[in-house]
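Scroll down for the structure; my scribbles are underneath it.
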Amino acid sequence: MLLENQKTYRRLQINHTRNKEQDHTQLLDKAAADFRYEDCQEEYWNPEEFSLLYGTPLWEQSTPSQKIILNQLYWVAYYSQIISAEIATIYFNQTSAAGLYAQEDFRIICDSLDLESAQERAHINAFKTVANQVEAKLFGKRIFSYPMRGPFSETMVFADTNFFKRKWKELQLKTFGLLSADNTFLACQYFTVRGVRTLNGKLIQHKLSNFYQKHPNPEKAPIPAKISYYHFMDESFHFNSSTIISHDVIHCLKPPTEFEKLVANLGLQGCQKDHYHFSVAINGIFWYDPALYSAIYQILCSPIFDMNDTEAKEMIRRCFTEESEGLHRSYQTHTEARDSYKIYLEKLEYISKTNKEMTIMSSNTIPKYLATQKKALPTSLPSLSYLGSLGNLAVRKS
């Protein structure tokens, strides 16, 4: 019983109470309602290094106004990925809560998850409001954003995937949802996966939130920077929940069976695969860059950069197949995330050696990244021209 461990119960109680007291939902809703791209289109929304393709040849040759747009597009791309993750979080919060219903004294966890899910919906609304306005204004169509999706879609927006991989991933997610809704250990273990996935977010989002905190006039800071800060504050409590449930509450349960251990480790192995890649385009999101070529091509061919087909393809080649400061920064973030995952998992006895050592994630390197790009680019280039012409047509019509 959870109440028999008063220290753990008290930690849950304090985290839930403070999250309610400091809930940023109303501030996020107001920020989303007040957002007008025209009011902040001439300024940075993040620290400069958190800009799309920062430290690449494109960044080095961009004008000051183009760099501002690249900085804003980082925000749009980054939080478009967070939307996808939070949609899945809302669903698995509820299936995990269902797995705890039959347990004594677990109401405090279920109440916490209800609050967190409501906060996630506010986050999603704020992110989508900004992304939709920005992309409509700049491109007349979506580049990184997308219509609302369900929780069984590929979590990574730009992934190394295909039809069969997507269907297999969908089946895995649905299966885990069913299992965790009727298994207390797996319901709690979901928060191990959630905690690992959130760790990388903490590394980046803390820096993004600092942009607002250090702004010389916070009241006049750009609204997207405020949203970054409000979101980070909410997510800090969510991460605390994940850690308490996965590291402390789990010890209030019976030891896991071999089947439960297997499912738990498969979930973490899936996380490793999701986080195997790192992106030169967007530091801190582990996207598969060949899947990004078309998005970057459309940006380069838009009126923002006004490149022709040849120029855009050459810029993509230089940015994605050559070493750069941006590539090394992204790899450093990948390494920091991997090391933090190891620390997070080291005291959990049921975790396999492959997961504790992050073997899959650790196997990626800068030479492997460059080899992947050099192999993928020649097959991708012919189809890019068509996408670019469609992009320019959409902008002209908007």
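Need one word for region 263-367: rounded, prolate or oblate. Basis is the Cα gyration tensor (sqrt eigenvalues a ≥ b ≥ c); a/c below 1.5 gives rounded, then a/b vs b/c decides.
Working: a/c = 3.53, a/b = 2.71, b/c = 1.30.
Judged from the Cα gyration tensor, region 263-367 comes out prolate (a/c at least 1.5, a/b above b/c).
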Helix axis angle, 366-397 relative to the chain longest principal axis, alpha carbon, degrees: 70 degrees
Between region 138-175 and region 330-357, the Cα center-to-center distance that results, in Å: 25 Å
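Normalising by the residue count of the chain, find the relative contact order in percent from Cα pairs under 8 Å and 6+ residues apart.
Values: 513 pairs, mean separation 91.1, N = 398.
That works out to 23 percent.
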Listed peptides 307-317, 239-249, 184-194, 325-335 by packing density, highest first (mean Cβ within 10 Å): 184-194, 239-249, 325-335, 307-317
Glu311 paired with Asn5, simple spin-label distance in nm, labels 7 Å along Cα-to-beta-carbon: 6.1 nm
0 to 90° range, to nearest 10: angle between helix 258-274 axis and the chain longest Cα axis: 20 degrees
Region 248-398: relative contact order as a whole-number percent, Cα under 8 Å and 6+ apart: 34 percent
Approximate spin-label separation Ser363-Glu60, in nm, with each point projected 7 Å along Cα-to-Cβ: 3.3 nm
Counted charge near Leu384, where neighbours are those whose Cβ lies closer than 10 Å (Asp, Glu -1; Lys, Arg +1): 0
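Can you tell me how much longer the chain between Lys165 and Leu203 gets when fully stretched, taken as 0.36 nm per residue apart minus their C-alpha distance, in nm with one decimal? Don't jump to the answer; show the numbers that get you there.
Details: separation 38, 0.36 × 38 = 13.68 nm, distance 2.91 nm.
So the extension gain works out to 10.8 nm.
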Lysines whose Cα lies under 29 Å from that of Lys226, excluding same-chain neighbours fewer than 8 positions away: Lys20, Lys30, Lys67, Lys128, Lys137, Lys141, Lys202, Lys207, Lys214
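Taken together, the values in this text are just the output of simple stated rules run on the coordinates, not laboratory data. Not measured: the values here are computed from a predicted model. Because the Cβ atoms are built from the backbone with ideal geometry, glycine has one as well, and the counts that use them run over all protein chains shown.
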